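Have a look at the structure below before the remarks.
Quick note: the coordinates plus some simple rules give every number you see, no bench work behind them. Keep in mind it's a predicted model, so treat the numbers as computed, not measured. Cβ sites come from the backbone with ideal geometry, for glycine too, and all protein chains shown count toward neighbours.
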Amino acid sequence: MIEIFDMNVPGQRKKGLARAVAALEAGEVVAIPTETVYGLAADATNGHAVARIYEIKQRPRFNPLIVHVASRTAAEGLGLFDPIAERLAGAFWPGPLTLVLPMREGCGIAELVTAGLDTVAIRMPAHTVARAVLGAFQLPLAAPSANRSGRLSPTTAAHVAAELGDRVGVILNGGPAPIGIESTIVSTAGGKLVILRPGGIASEDIERIAGMNAERHDGVVRAPGMLASHYAPTAMLRLNAWSVRPGEAFLAFGNEKLPGAENAVAMRDLSPSGDLREAAARLFGSLRELDEAADVIAVAPIPDIGLGVAINDRLLRAAAPRA
Ligand code: TXA
Ligand code: MG
């Protein structure tokens with residue numbers, strides 16, 4: 001049976017928090033809101049609990065998970081910070097930045113979390129509910145997005161319930177995820193700045209704080225978010241469409257009036273005013289809605305700057321041929 005707590009209602013918030021912490025202490029998984037997407041959280045120091053995450057998501061075991069922490073001190077107990085990582089954490093934490101750092105020996109993180117790597121991906125989330133859970137539980141939480149493997153990430157509690165049904169016992173409903181797209185994953189190893197996954201913080205902003213140019217990943221799959229056909233809806237996506245064909249749904253941007261759009265079987269505009277932050281926040285929810293309406297979704301061109309880079313990355317993956 002799923003218990004869903006509305007964390008914006010004071011009475012339920014307290015009860016939800018207590019239930020979540022009790023479940024985590026018992027080695028169970030709990031779905032929690034973060035500012036990026038909803039996460040499926042488990043005690044990162046408990047290998048059995050982490051194994052449940054993989055089981056519930058039906059995720060290939062070799063994919064390492066992000067460890068969520070309450071504080072910089074907690075992060076420093078897990079990973080070895082270099083000066084660039086320190087600057088980035090200082091500027092963007094709490095927030096949608098994940099740092100891949102050398103793992104501190106004996107830090108207690110279950111091997112399954114890092115899939116045996118000697119690095120650990122760490123993030124300090126900003127969402128008040130995620131912070132409340134971390135603060136009350138007092139141990140780091142491994143938490144991938146709360147969807148089945150290869151599917152769209154959930155940005156509402158209803159998405160989580162639709163994805164996972166009663167495979168998860170507790171869902172904390174913290175409202176729609178305000179950023180709506182996963183964290184930016186950065187490696188600073190060897191004094192180089194590498195963006196392993198574009199996400200909720202634009203690489204331009206990361207480069208400005210780091211004081212150096214970023215490299216995009218080198219094509220070696222170090223983050224499974226890089227695999228083709230990730231974040232897939234059931235419908236086919238037709239990207240950079242300049243018209244909408246009969247029978248298609250239409251994902252618009254910036255109030256663009258494409259030929260044929262008036263006949264689209266369903267339409268969502270990611271941001272009528274052309275705001276890329278708003279577009280990121282609405283991306284996964286809009287794809288889910290259009291997915292119900294048509295077999296093909298025509299997608300308007302999205303500017304490839306700022307958060308548009310992460311949006312285009314997710315759209316490309318959603319459009320990739322399925323395994
Ligand atoms: O916004 C987010 O990051 C969300 C919320 C829930 O925090 N989490 C999320 O987790 O997107 P997940 O598991 O769906 O994606 C984790 C990514 C994967 O692509 C994984 O390969 C990468 O992080 N990753 C984890 N540990 C890594 C490591 N040591 N080196 C390189 N990549 C790593
Ligand atoms: Mg994911």
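Observations, loosely collected:
- Dividing the summed -39500 (n - 2.57) terms of all DSSP H runs of n ≥ 4 by the residue count of the chain sets its mean residue ellipticity at 222 nm at -9500 deg cm²/dmol.
- Gaussian network model of the chain, springs between alpha carbon atoms under 10 Å - residue of E111, E262, E182 with greatest fluctuation: E262
- Charge dipole magnitude, Cβ of K and R +1, D and E -1 - the range 55-184, Cα centre, debye nearest 20: 280 debye
- Cα gyration tensor, the range 225-323 - rounded (a/c under 1.5), prolate or oblate: oblate
- Along its first, second and third principal axes, ordered by size, the range 66-197 spans 42, 29, 28 Å in Cα coordinates.
- Candidates P144, P303, P176, ranked by Gaussian network fluctuation over the chain, Cα under 10 Å, top entry: P303
- The range 1-103 shape via C-alpha gyration tensor axes, a/c threshold 1.5: oblate
- Rounded to the nearest 20 debye, the dipole size of the chain about its Cα centre is 280 debye, using +1 on the Cβ of Lys and Arg and -1 on the Cβ of Asp and Glu.
- Choice from N173, N240, N147 with maximal GNM fluctuation in the chain (Cα, 10 Å cutoff): N240
- Acute angle (nearest 10 degrees) that the helix 308-319 long axis makes with the longest principal axis of the chain, alpha-carbon atoms: 80 degrees
- Dipole orientation for the chain: of the candidates V67, P83, A319, V67 has the Cα lying most toward the positive pole (charges on Cβ; Lys, Arg +1; Asp, Glu -1).
- Shape category assigned to the range 76-148 from the gyration tensor of Cα positions, a/c cut at 1.5: oblate
- The three principal axes of the Cα atoms in the chain give end-to-end lengths of 59, 49, 37 Å, sorted in falling order.
- Estimated distance in nm for a label pair at D166 and D295, the labels positioned 7 Å out from Cα along Cα-to-Cβ: 3.4 nm
- Computed on the range 232-300, with alpha-carbon pairs under 8 angstrom and 6+ residues apart, the relative contact order is 47 percent.
- Toward the positive end of the charge dipole of the chain, with +1 on the Cβ of Lys and Arg and -1 on the Cβ of Asp and Glu, the farthest Cα among G27, F5, F92 is that of G27.
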